[in-house]
Amino acid sequence: MKIVVIQGPNLNMLGIREQHVYGPMKLEQIHAQMKDVAEQNNIEIEFFQSNLEGEIVDRVQECFGDADGIIINPAAYTHTSIAIRDAISAVSIPTVEVHISNIARREEFRQKSMIAPVCASSIVGFGPFGYHLSMIGMMQILNEVKAAQEAQAAGQQAPQA
Ligand code: DQA
């Protein structure tokens with residue numbers, strides 16, 4: 001099983017940018033914690049950060065046929081990017097959206113996510129801990145997908161009445 005973690009613009013500035021909103025943790029520290037969880041659960045994990053919308057679209061597309069799950073914080077593109085939404089929809093891979101802050105409680109322009117409707121789940125407002133929650137949620141989703149695939153395979157093997 002493989003999870004790809006995609007981080008949008010300015011998340012490389014975590015630990016520096018608006019600490020009262022995003023906290024003091026750096027992106028590398030968040031990723032190190034996610035990597036630990038992945039290793040403990042025998043899951044392959046890759047991390048990608050970009051400030052460019054097209055690069056994020058490319059990375060989502062590269063997940064097709066390669067990744068079993070996507071965890072994404074599209075950052076500011078959350079509120080504007082039909083291109084990232086379409087890419088997630090196109091690859092049809094279970095995707096969990098994460099926001100460090102509670103976007104529902106912030107400026108009006110942040111309250112709408114273009115991405116949420118094509119995601120299995122959205123985790124908002126837990127600070128960096130939201131990434132840990134996204135790992136737990138994603139592992140649950142992957143277990144359910146695996147169980148459904150096994151059940152389907154077993155059904156196909158069952159003798160016809
Ligand atoms: C964010 C929320 C976005 O509105 C903002 O543009 C970000 C970070 C979050 O994680 O809370 O860059 O996605």
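Some points to look at:
- Farthest towards the positive end of the charge dipole of segment 2-157, among the residues Ser122, Ile3, Cys63, is the Cα of Ser122, using unit charges on the Cβ of Lys, Arg, Asp and Glu.
- Positive-end residue of Met25, Ala151, Met135, charge dipole of segment 2-157 with Cβ unit charges: Met25
- Percent of beta bridges antiparallel (DSSP, the chain, rounded to nearest 5): 0
- Cross-link partners for Lys146 among the lysines, with Cα-Cα distance under 19 Å and sequence neighbours closer than 8 places in the same chain left out: Lys2.
- In this structure segment 2-157 gives 52 Å² per residue of accessible area when probed at 1.4 Å with all protein chains present.
- Restricting the GluC sites (Glu not before Pro) of segment 82-161 to loop positions (DSSP other than H, G, I, E, B) with no more than 13 neighbouring Cβ atoms within 10 Å leaves Glu107.
- Sites listed here are trypsin sites (Lys or Arg not before Pro) in segment 56-145 whose DSSP assignment is loop and whose Cβ has at most 15 other Cβ atoms within 10 Å: Arg106, Lys112.
- Taking the C-alpha atoms only, the angle from helix 129-157 to the longest principal axis of the chain is near 20 degrees.
- Tilt relative to the chain, helix 53-62 - C-alpha long axis, 0 to 90 degrees, to 10: 20
- On the principal axes of its alpha carbon atoms, the chain extends 64, 33, 27 Å, with the longest extent given first.
- The magnitude of the dipole of the chain, with charges of +1 and -1 set on the Cβ of Lys/Arg and Asp/Glu and taken from the Cα centre, is near 460 debye.
- 0 to 90° range, to nearest 10: angle between helix 82-91 axis and the chain longest Cα axis: 20
- Base-10 log of normalised Debye intensity for segment 1-70 (one unit scatterer per alpha-carbon) at q = 0.19, 0.22, 0.26, 0.27 Å⁻¹: -0.82, -0.99, -1.12, -1.15
- Carbon + sulfur, % of accessible area of segment 57-161 - ligands and nucleic acids excluded, 1.4 Å: 53
- Cα centroid separation, segment 9-40 to segment 47-102 (Å): 17
The values are calculated or read from the model by the stated rules, or taken from the named source; none is laboratory data. A quick note: this is a predicted structure, and the numbers were derived from the prediction, not measured. Methodologically, a virtual Cβ is constructed for each residue, glycine included, from the backbone with ideal geometry; neighbour enumeration extends over all protein chains shown. Areas reflect the complete protein model, heavy atoms only, side chains present, ligands, DNA and RNA absent. Shrake-Rupley method; radii C 1.70, N 1.55, O 1.52, S 1.80 Å.
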